[in-house]
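This report concerns only the one structure given below.
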Amino acid sequence: MIQKKSTTYPEAKKKLEHYCAYQERCHWEVEQKLNEFHLITEAREKIIIHLIEHNFLNETRFAQSFARGKFTIKHWGKRRITQELKLRKISTYNIKKALQEIDEEAYLESFSALSEQKWNSLKNETKEKAKQKFISYLQYRGWESHLIFEKLNQLISVSSM
């Protein structure tokens, strides 16, 4: 059996500084990365403290960056962003702060454009199948149900004219 080589404290610290400098990380991701280095608990804790003190690791900054990125690039809704942040063990306070990064007007504009694009792509489907696919698509991306159903009713009334 091959024994995995454990990393020394200075090597692990340097690698994690680079890991956090490359992209925003949350505590949970850093802890997962630390598991690969087979360090004792005390060394792991010292590295996390070092990363926080030297501003390599900041959970609020991570949550805000994550929310902005997933909204603007992947067009996720607030429900999906919240769910993904919870999976990364982000505090409720930081999740609320992150969601404040999303401009409400831009949020509704993005939802409207995304939903209209999806609805137009379903022209060849039966009305019931189109509704089902429309709702599933937007729910998977984390948009709120009330927005989805309001938009669906609006699109149905426009298309039936």
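Here are some notes:
- In loop segments of region 55-161 as defined by DSSP, the trypsin sites (Lys or Arg not before Pro) with at most 11 further C-beta atoms inside 10 Å of their C-beta are Lys123.
- Taking the empirical scaling 2.2 N^0.38 Å for compact globular proteins as reference, region 104-159 has a Cα radius of gyration ratio of 1.04.
- Sorted ascending by nearby beta carbons within 10 Å, beginning with the fewest, Glu29, Glu109 become Glu109, Glu29.
- Estimated vicinal HN-Hα couplings, Hz - region 94-110 in sequence order (Karplus 6.51, -1.76, 1.60; Gly, Pro = x): 5, 5, 4, 5, 5, 5, 5, 5, 8, 5, 4, 5, 5, 4, 5, 5, 5
- Flagged links, alpha-carbon separation over 29 Å, of Lys15/Lys86; Lys33/Lys97; Lys86/Lys123; Lys89/Lys151; Lys97/Lys131; Lys89/Lys131: Lys86/Lys123; Lys89/Lys151; Lys97/Lys131; Lys89/Lys131
- Legend: ranking of residues His27, His54 from fewest to most surrounding C-beta atoms inside 10 Å; resulting order His54, His27.
- Potential extension, Glu53-Lys33 segment - 0.36 nm per residue separation minus Cα distance: 5.3 nm
- Where Rh is the Kirkwood radius over Cα pairs, Rg/Rh for region 9-53: 0.90
- For the options Gln139, Gln117, Gln64, a Gaussian network treatment of the chain with springs between C-alpha atoms closer than 10 Å singles out Gln117 as fluctuating the most.
- Going from the fewest other Cβ atoms within 10 Å to the most, the residues Glu101, Glu36 appear in the order Glu36, Glu101.
- With eigenvalues of the C-alpha gyration tensor scaled by 5 and rooted, the chain, Å: 44, 17, 11
- Members of Lys13/Lys74; Lys74/Lys133; Lys13/Lys70; Lys14/Lys46 lying beyond 24 Å, as alpha-carbon distances in this model show: Lys13/Lys74; Lys13/Lys70
Any read-out appearing in this document is the output of simple, stated calculations on the displayed coordinates, not a laboratory observation. As the structure is a prediction and not an experimental result, all values here were calculated from the model. Cβ coordinates were reconstructed from backbone atoms using ideal geometry, including for glycine residues, and neighbour counts include every protein chain displayed.
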